[in-house]
Structures are given as C-alpha cells and as structure tokens.
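The values are calculated or read from the model by the stated rules, or taken from the named source; none is laboratory data. This one's a predicted model, so the numbers in the text were calculated from it and none came from an experiment. Neighbour counts run over all protein chains shown; Cβ positions are idealised from the backbone, glycine included.
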Amino acid sequence: MSMKKKYKTFSKRGPRNAKGSNFKYKKKKSEIEKEEISLLESSKTKLDGLNPEEIESFGVLPLSKKTLKGLQEAGFTVPTKVQRQSLIFSLQGQDVVVAAKTGSGKTLAFIIPLLELLYHKKWTGMDGLGVLVITPTRELAYQIFEVLNKVGKEHDFSAGLVIGGKDLKYEWNRISSCNIMICTPGRLLQHMTENAEFVSDNVQMLVLDEADQCLSMGFADTMNCILEELPSERQTLLFSATQTRDVKDLIRAGCNNPVFCSVHEHSKTTTPKSLQESYVLCSAQDKFTFLWSFIRHHRRHKILVFLATCKQVQYYFHMLCKLQPGLSVMGLHGSMHQLRRMAVYDEFCRKKHAVLIATDVAARGLDFPAVDWVVQLDCPEDVTTYIHRVGRTARYSRSGEAILLLTPSEEPAMLDCLKAKNIPIEKIDVDPNKLQGANVKMEIVLSKYNNLKEEAVRAFKSYLKHMALMQNKKVFDVSSIDFDALARSLGLVVTPRLRFIEKQLKQKSGSKMTKSAAGSSSTQSNANISLTSRLTTLNFGADDSDEDGDFLSTAKDQNIGLSSEDYQDTEVVEEPQKTQTKKKPLTKYAVVKKLMKKNIQINQRVVFDEEGEEILDPRKQQVSQAARKELQEQPSGINISKLKQVMSEEDKVDKKIYASKLKEKNWEKKRKEKEKNKLRKGGSDDDDDDNDDLGVKRRAAWQWCRLLGSSAVLCRGARTDQTPQHLLS
C-alpha cells in the first residue's frame, strides 16, 4: 500500500488550497484613496448648479469618507447656512470672503475645505507646511486647534498650535514636519525670521479668521511681512462677523477674484435674533455695586463680564474672590501666562454656573458653551467690538441675553451708533431696593491686604486713562466722571493723583482762558473815557479786607450810580491783577544746583587742627603746594606745563609716604624677630621689662622725629645711649 503525499500549492501571494482558490484580492489603501479622489473630483462639477438650500446634510457635498466620519463622531450632521453657501465655492478651490453673524459655524466652514484640499493632493509629512490658519488671539487659535483634532482625527495630517507664551525651543525643531499650522501673527513672524527650518514655499491655502482684525492697523506691519513670504498661487479664505470689503485689504491678503458670502447681509438686525439686548443707565461709581448685585441674584447662571483694561480685570477678580459671591469666579486677560489662560478657558467651558471677568481678548471668536448672560460693564470702543462681545451668547440655536452699562454722558452718542448699525436695544430700569452695596466690605478687605489696595489704585488709573485715550470724545468724556466717588466705589479712602488727566484739563482750561481773554480785550478797547473822576470819593486806602476786595472785583459794583449814557462815554481802566503764582516745592535737585553755582563742594569731610588749618589726606587729596595753588586759581583751560610740575611734586610726596610706611613695616618685623629670639634664649622677666620700656621709648622718639620732620633717623640696631636724651625723656 503506497502513501500519497499531499503537496501544498503556492502562488505569488502565498499558499492556497489545491482544490480551489477562495482567496479574494484586497486593494491597497492607496488604490482605494485614488479611486475615491477621482470620484470626488468628478462630482465637484455638480456644485456649480447646486442650490445651497437643498443641502440638508454633509453627505450631499463631495467630501471624503474620513471627513464625513470625523464630522459624524464630533456631532456635526446638518450644515449651517454659512457652511452651505461657502463650501460650494471653497471646495472648488476659489477664494472666499465670508461675513456672518457670531455663532453661525464659521470655524467648521474653513476646517472642512482645508482637510479636503490636503487629502486630494495626497499630502504627507514629507511635503511640509500645506495650510496656514492665522487668528488674532491665542484663545481663538487654541479653540480652532481643538475643533480640528475632533473633525480631522481620521486623517493622517500633522497639525501644530504655534502661539506666543509657549516653549519656543519645543516648536523650533518640530515645525518643519507640520502640515497644518494654526498660529498668531507675532509667533509666526518670529519663526519666519529666525527659524531656518521653517519653510512656507509650499503653502496651498491661507485662512484668516477674524480677518478684519488681522488686517487692521494693530497687525498691519506684521501681516505685511507674513504675506510677502507666502507664495502667490494659493487659495485664500477670509472669515469674520464684521467683514471688510475694502479692495486694498483684499489685495493685501492675496485674494484673486474672491466670492463674497454675506449670509445675513439683508437681515433686519446685525446680531442674532435669539439674542435679547438691553442697556442700563448707571454712573461710573455704581458699576461695581451693580455687578455685585447682579451676580448675587444670578448664581445659577453662566455669566461673562467685559471690562476695558487688564488691571481692572485683575482687581475685580481678586476682590470678588475675597467677597465670595456664591459661585466660582475666573479672570482672563492678556497679561496672564499662556498656560494659565488656556486653563481658565477650559475651566469656564466645563463649568455650568460661573462668572468670567475678561477683557476684549475673549470677545472674538471664542465659543463658550451655554453662556446665559453677557454683561458689558465698560462701554465698548465701537459698534464692531459690541457685536463681537454680545456674540459670546445666543450661539447656534441657543438663546441669550446681553446687558450694556452706559453712563449719562455715554448714552446719547452710543445709542446713535448702535441704531445706525441696526442693533435693537432697549432700556431697562433696575430696582434700587435689590441693589446690594459692598463698599464697607471692600474697605475692610483693602485694609488687610496691601497688594489688593495697590491693584485698586492701578485699576482706578487704568480705567480713567482708557477713557482719556479713546478717540470718540462724544462717547468717552473723562471730565464727566466724579473721581472721588469712583475711588470710593473701588474701596479706596484716598483718591489717587492723576497727573496725565490734570495736564489735559490744564491744557483745555488754558485754551478757553486765552479765547475769553481775547474776547474781553476787544470789547474793552471800544471805550474812551476813564472812571477815575467818577470814583474819587471811594478811597479805601490800604485796607485789604475780603469784603472790600469782593466789592471792587465785580463789574456791576463799578457801574453803580451811572446812567446808560454815562456808561457809554466811559472807559473802564482795570488795574493789572497780581497773579498768585504757586511756589514750587524745593527739591533736592534744586538745592544741589544752587550749591554748585556757589562752588560749594558737597559731601566732603574737612578736618582741622588746633590752629584752625586744614589737615589734608594724601590718599584722597593733592597735598603739594603747586597743586593747592592750581586749585585756588581755577583756570579755564588746561596748562600742561603746570600739570607736569604738580605731578612731579605729588610724586615726591607719594615717595616720602611710601618710604615712611616701608620703614615702619621693617621696624615692626625686626621687633617681632627680636622678641622671638629672646623667648628662645629664655631671658629673664626683668630684662624683658627693660627691653619693653626701651622699645616704647624708641617708638616715641621715632614718632617725634616724624612729626618734627627731622632728617635724623633712628637706626633699628642703635643703642639707647646714642639716642638724644631729650627725645627719650
């Protein structure tokens, strides 16, 4: 019986059964992507005649499976009105300029086309930077980066967040492998100018979010440098709630025959319909009281409060934390560290009930979920800022409320500006019985914490400086604010000094005084007769009482008893008024200047002997007679020959001083050696006492010779009998 061996058959792709092949050929990933891309490219031709209103889901649009899966997992199924109109053109590679209301979905409207562009071009990490997204604020860039991670997680592109405040060294080496970069203008320009590994020659798309601010005067120089480095052949997308239509700005951005998509251009209102807007008439000193009462009555809400300056935000945040309003309080401003700013942003997004006090850093583009109230404690700079501030609430299909606090001087001009932009706003009154003052508590807190008191002073000054520097003087009037009352409202007992406002008020009052003086002098020059003969009986002598001064100072009192005819024939002769000039405080600089004029040398110690003569210190002063004469003469020029003579005499003095010091040093050295030798020999105590007495006598004689200037010098080894007796006695 023979055994048959079964042999396995092999193909090019591996072993398979000999009876029949059940192996199915699987296409490679690259081949599937090629087929998908070719189908998408062919379907793009149908977008030309597509009606935006017919797009009921993202599946109608020619999008890749990876993008559709990312949208579905992120919760985006139905496109908004802005996305329908803009995606038709941006997916075809055209330049688009989009203007839409806040909270209408503009971020997703440019994330989808940038993902599709790189997918169709089969972009890899070796190709470098392909898409550049520029935003004006760091928080907005961080928010876009988070949305991109959710929607584009199925793609294989690398994305980077390049903003200020982060580790520059960490970005330095990794930026070359980045395909999509979301950045702020300042940090991007820094990499362009300093980083040799940053290459922007292959950029296929440029996106400017909040384009009107990016192209404004604040970023003008930076953006011009960035746009010059980018290639001209690229797709450009501009997005903003208050979009620019200036041709110069569009040319700067590199737009080539752009398509304008203004979704809400023909709407009756500029702000969302679900937003309820109102304003409250409130003085500057009552703003903190209003905020404290508002927070206390809305503890179960999410509130966003806008202030004008960073220092105000710091003080309000720390003060509210000390007062403990009953819900979590956070602060966000431009002076904070970037990591702290991102942490505050994430925390406020997670909270259901919280208060965020912020500057205009949080006014543009940020999508805080479920904000119930937007409170503008300080008046916005213009209508554009107002639109972006109130746009943090009533986003997408949600409702929201916004309150604007206006002072009586700001009300008429600001309302005219809002009505001109079709912004519906109504006035509401606040019940005074529900207002809860916190001034006493604030004063107690400031008395305990000196740092908080300094913050209050800085907040006070920064608010008034902000008011003084605003261009629209019809709205912002510093002179209408009660400085003392405003300081008390912040808990300050003493009003800080405001030198910059004092200068402005002096300049204004000076100009008014010159105008009034010119007008009065022209009217007085028309008269021809003096009143001296009429007032001969009114002789008050040297009496300087207040009553007499008041009586003579008024014009009505000078014309008492004169008829109208007499008054026409008279000429008023006014005595020149003595201007009371305020004495300037005597400063240290002024005192020193006076002493310098009198040739008095300051901060010098002079020592005199018993006869009243000055004792000179050769270490600090010139001792020779030639040098003293030179100082007394004080010549205007420099005499080189005299200076040489002075230097030679000073050298002689220095040599004598050095010789005497050297002799003292040698004598002291020999004395110590003698003492050591005597101790070794074991001399008696009596001899030691005699020697000590002899040493004292010799030292006294030596000092006496020095004082007398004698040429005789004691020898170190001389005997006592050789020394003059009158020196040893």
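Pick from region 47-62 the residues that are assigned to a loop (DSSP other than H, G, I, E, B) and of a type in the set (Gly, Ala, Ser): which of them is nearest to the chain's Cα centre (by Cα)? Show your work before the answer.
The first filter runs over region 47-62 and keeps only residues assigned to a loop (DSSP other than H, G, I, E, B), leaving 48-51, 55-57, 61-62.
Of the ones still in play, those that are also of a type in the set (Gly, Ala, Ser) are 49, 57.
Working: GLY49: 51, SER57: 45 Å.
Taking the candidates together, the pick is SER57.
Here's the yes/no breakdown for (1) among the charged types (D, E, K, R); (2) assigned by TED's automatic domain parsing to the domain that holds GLU73; (3) more than 18 Å from ARG138 (Cβ to Cβ):
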residue: GLY160; (1), (2), (3): no, yes, no
residue: SER200; (1), (2), (3): no, yes, yes
residue: PRO231; (1), (2), (3): no, yes, yes
residue: ARG234; (1), (2), (3): yes, yes, yes
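Of all the numbered requirements in (1) assigned to a helix (DSSP H, G or I); (2) surrounded by 18 or more Cβ atoms within 10 Å (Cβ to Cβ), ASP346 misses one, and that requirement is (2). Test LEU320 against the criterion of being modelled with pLDDT of 95 or more, in a strand (DSSP E or B) and either surrounded by 19 or more Cβ atoms within 10 Å (Cβ to Cβ) or assigned by TED's automatic domain parsing to the domain that holds LEU118 (or both), and give yes or no. Considered against the rule, which asks whether it is modelled with pLDDT of 95 or more, in a strand (DSSP E or B) and either surrounded by 19 or more Cβ atoms within 10 Å (Cβ to Cβ) or assigned by TED's automatic domain parsing to the domain that holds LEU118 (or both), LEU320 comes out as no. Between GLY334, GLY326, the distinction of being under 21 Å from TRP373 (Cα atoms) and either surrounded by fewer than 18 Cβ atoms within 10 Å (Cβ to Cβ) or of a type in the set (Gly, Ala, Ser) (or both) belongs to GLY326 only.
Would you please name the residue that is farthest from PHE294 (Cα to Cα), looking only at residues in region 391-407 that are modelled with pLDDT of 95 or more and of a type outside the set (Gly, Ala, Ser)? Restricting to residues being modelled with pLDDT of 95 or more and of a type outside the set (Gly, Ala, Ser), the top hit is THR407. Return the residue satisfying two criteria in turn: it lies in region 86-113 and is outside any loop (DSSP other than H, G, I, E, B) and under 16 Å from LYS44 (Cβ atoms), and of such residues it is farthest from the chain's Cα centre (by Cα). So the residue we want is ILE88. So is ARG174 closer than 24 Å to ASP346 by Cβ, of a type in the set (D, E, K, R) and surrounded by 15 or more Cβ atoms within 10 Å (Cβ to Cβ) or not? Judged against the criteria, ARG174 is not a match.
Going by the conditions given, is GLU443 in the same structural domain as TRP292 (by TED's automatic domain parsing) and either among the small types (Gly, Ala, Ser) or in contact (Cβ under 8 Å) with a residue 24 or more places away in the chain (or both)?
So GLU443 does not fit the description; no.
Of all residues in region 631-649, how many are on the phi < 0 side of the Ramachandran plot and at pLDDT below 70? Can you show your working first?
Taking region 631-649 as the starting set, the residues that turn out to be on the phi < 0 side of the Ramachandran plot are 631-633, 635-649.
Adding the requirement that they be at pLDDT below 70 leaves 631-633, 635-637.
Within region 631-649, residues that are on the phi < 0 side of the Ramachandran plot and at pLDDT below 70 number 6.
Selection over region 113-155 of residues that are free of Cβ contacts under 8 Å to residues at least 12 places away in the same chain and charged (D, E, K, R) gives a count of 1. Kindly indicate the residue of region 253-302 that is surrounded by 15 or more Cβ atoms within 10 Å (Cβ to Cβ) and of a type in the set (Lys, Arg) and also nearest to GLY105 (Cα to Cα) among those meeting that condition. Checked region 253-302; the qualifying residue nearest to GLY105 (Cα to Cα) is LYS302. Condition first: of a type in the set (Val, Ile, Thr), under 22 Å from THR222 (Cβ atoms) and part of a helix (DSSP H, G or I). Now tell me which residues in region 117-153 satisfy that. Listed by number, the list holds a single entry, ILE144.
Can you tell me which of ALA211, ALA159 is in contact with a Cys (Cβ under 8 Å, 6 or more places away or on another chain) and not aromatic (Phe, Trp, Tyr)?
ALA159
Per the conditions (1) out of contact with any Ser or Thr (no Cβ under 8 Å at 6 or more places or on another chain); (2) part of a loop (DSSP other than H, G, I, E, B); (3) basic (Lys, Arg), the sole criterion not satisfied by ARG398 is (1). Restricted to region 63-84, and to residues that are surrounded by fewer than 18 Cβ atoms within 10 Å (Cβ to Cβ) and touching a Lys or Arg at 6+ places or on another chain (Cβ under 8 Å), which residue is farthest from LEU108 (Cα to Cα)? The qualifying residue farthest from LEU108 (Cα to Cα) is GLU73.
Among the candidates ALA241, ALA253, ALA343, single out the residue that is under 29 Å from the mean Cα position of the chain (by Cα) and farther than 28 Å from LEU377 by Cβ.
Numbers: ALA241 fails: farther than 28 Å from LEU377 by Cβ; ALA343 fails: farther than 28 Å from LEU377 by Cβ.
After ruling out the rest, the residue left standing is ALA253.
Search region 196-207 for residues being over 18 Å from LEU115 (Cβ atoms) and in contact with a helix residue (DSSP H, G or I) (Cβ under 6 Å, 6 or more places away or on another chain), and hand back the single one that is surrounded by the most Cβ atoms within 10 Å (Cβ to Cβ).
Applying the first criterion (over 18 Å from LEU115 (Cβ atoms)) to region 196-207 yields 196-201.
Narrowing the set further to residues that are in contact with a helix residue (DSSP H, G or I) (Cβ under 6 Å, 6 or more places away or on another chain) leaves 197-198, 200.
Values: GLU197: 12, PHE198: 21, SER200: 17.
Only one residue fits best here, namely PHE198.
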